[in-house]
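Accompanying notes for the structure given below.
The values are calculated or read from the model by the stated rules, or taken from the named source; none is laboratory data. These numbers were taken from a predicted model, which means no experiment stands behind them. Positions of Cβ are generated from backbone atoms using ideal geometry, with glycine treated the same way; all protein chains shown enter the neighbour counts. Ligands, DNA and RNA are excluded from the accessible area calculation, which covers all protein heavy atoms including side chains. Shrake-Rupley method; radii C 1.70, N 1.55, O 1.52, S 1.80 Å.
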Amino acid sequence: MGAEHSHARPPGQPSRALRNRLLFALGITTLIVVAQAVGSVVTGSLALLTDTAHALSDWSGLLVAAIAATMMLRPPSSKRTWGFARIEVVAALGQAALLLVVGTYAAVEGVRRLFEPTQVPGTELLVFGVIGLVANLAAMGILASSREANFNMRAAFLEVLNDALGSIGVIVAAIVIATTGFQRADTFAALFIAALILPRAVTLLRETTRVLMEFTPEGVDLDIVRAHVLELDHVTEVHDLHASTIGTGLPVISAHVVIDDECFESGHAPQILEQIRSCMKEHFPVSFDHATIQLETTALRDRTCHAIQHA
């Protein structure tokens, strides 16, 4: 005997409005990439080149995010019972990997240029830095209200935010070079941008990997879950207990719960099932709207264990 909620559209999936915000931000980021690429060629600035690579990764990430958001609008089906809920996690993982490559390159090249500084024109660098900052602020304004909607939107917002900080670094370096002639300011700005990229990439990589590896959701201790369920009357054992996350806002849990045989004979089993679900909702910070609980008799448990042992 078991219970499972129907698989309607899961929470955390973006609406068309969220998808459209991504498309607007993608258009703005395209302009940023083109402008900064031209600026890095004109000025020879490592900071601007790094920020261009960062903007390019933002552009790629936003493109993937927009595609993922579009696919996630497709409803679940009998062949894809969760729809495309997990594609936003895969998209965020790709962005994290790309940022890791960009950040590592910037750090290595920045250290090299500390010993071999290049001449960078401060005025031109300032112009392109301001262009990048203004465009990034516009993109941030578009994405800000929906940045907590899911992994995808959060990754997109953080990319634009960090690129805006990178543009600030470029502007500061340009001012220092123009006023003091200190050329290594450009390299320090590039290292600053790398320092922004790498921790965020590692964090996003860790979070998305947790989901893809189906680790237990944060804030949930399955040993405590088992202990609470075992405290219920007529419950004798809990086994095959699993919890994971399909996508943002969509944790799932499943368990086999052994109860006294007489509960099936008396018709009391449905009440126990409801008690188990209420227990999970009451004691744990994660809302398990998709919980699959299979109630078993001792005899069924024993037959299952025997079949597994002799398989």
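Figure legend. Inter-residue proximity from the range 112-125: first residues surrounded by 11 or more Cβ atoms within 10 Å (Cβ to Cβ), second residues of a type in the set (Lys, Arg), beta-carbon distance below 9 Å, spacing 6+ or different chains. Indicated pairs: 113/184; 114/184; 117/184. Among the residues of the range 57-81, the ones that are at pLDDT below 75 and not aliphatic (A, V, I, L, M) come to 8 in all.
I'm checking my understanding of the structure. Among residues of the range 65-91 that are touching a residue at least 24 places away in the same chain (Cβ under 8 Å) and surrounded by fewer than 19 Cβ atoms within 10 Å (Cβ to Cβ), which one is nearest to the chain's Cα centre (by Cα)? So the residue we want is 90.
Scanning the range 182-216 for residues that are open to solvent by less than 70 Å² (accessible area, probe 1.4 Å) and farther than 30 Å from residue 87 by Cα turns up 183, 185, 186, 187, 189, 190, 191. Scanning the range 242-262 for residues that are out of contact with any strand residue (DSSP E or B) (no Cβ under 8 Å at 6 or more places or on another chain) and open to solvent by less than 20 Å² (accessible area, probe 1.4 Å) gives a single hit, 247. Residue 232 falls short on exactly one of the conditions (1) of a type outside the set (Val, Ile, Thr); (2) within 30 Å of residue 132 (Cα to Cα); (3) surrounded by fewer than 16 Cβ atoms within 10 Å (Cβ to Cβ), and that condition is (2). Applying the set (1) assigned to a helix (DSSP H, G or I); (2) within 25 Å of residue 178 (Cβ to Cβ) to residue 119 leaves exactly one unmet item: (1). Identification of helices (runs of 4 or more DSSP H) wholly contained in the range 226-311 with 2 or more residues that are of a type outside the set (D, E, K, R) and at pLDDT 75 or above yields 262-266, 269-283.
Residues of the range 52-64 being in contact (Cβ under 8 Å) with a residue 24 or more places away in the chain and either touching a His at 6+ places or on another chain (Cβ under 8 Å) or open to solvent by less than 50 Å² (accessible area, probe 1.4 Å) (or both), which ones? Within the range 52-64, 53, 54, 55, 57, 58, 60, 61, 62 meet the criteria.
Can you name the residue in the range 2-34 that is open to solvent by 60 Å² or more (accessible area, probe 1.4 Å), farther than 24 Å from residue 165 by Cα and part of a helix (DSSP H, G or I) and is also modelled with the lowest pLDDT among such residues? Per the stated criteria, the residue is 16. Among the residues of the range 42-92, those identified as touching a Phe, Trp or Tyr at 6+ places or on another chain (Cβ under 9 Å) and of a type in the set (A, V, I, L, M) are 42, 47, 48, 53, 68, 71, 72, 73, 89, 91, 92. Only one entry of 137, 114, 125, 100 meets the criterion of being under 18 Å from residue 57 (Cβ atoms) and assigned by the TED database to the domain that holds residue 23, and that entry is 100.
Looking for whichever is surrounded by fewer than 20 Cβ atoms within 10 Å (Cβ to Cβ), of a type in the set (Gly, Ala, Ser) and either in the same structural domain as residue 93 (by the TED database) or under 27 Å from residue 157 (Cα atoms) (or both) here; the options are 219, 267. Which one fits?
Details: 267 fails: either in the same structural domain as residue 93 (by the TED database) or under 27 Å from residue 157 (Cα atoms) (or both).
Within the list 219, 267, the selection yields 219.
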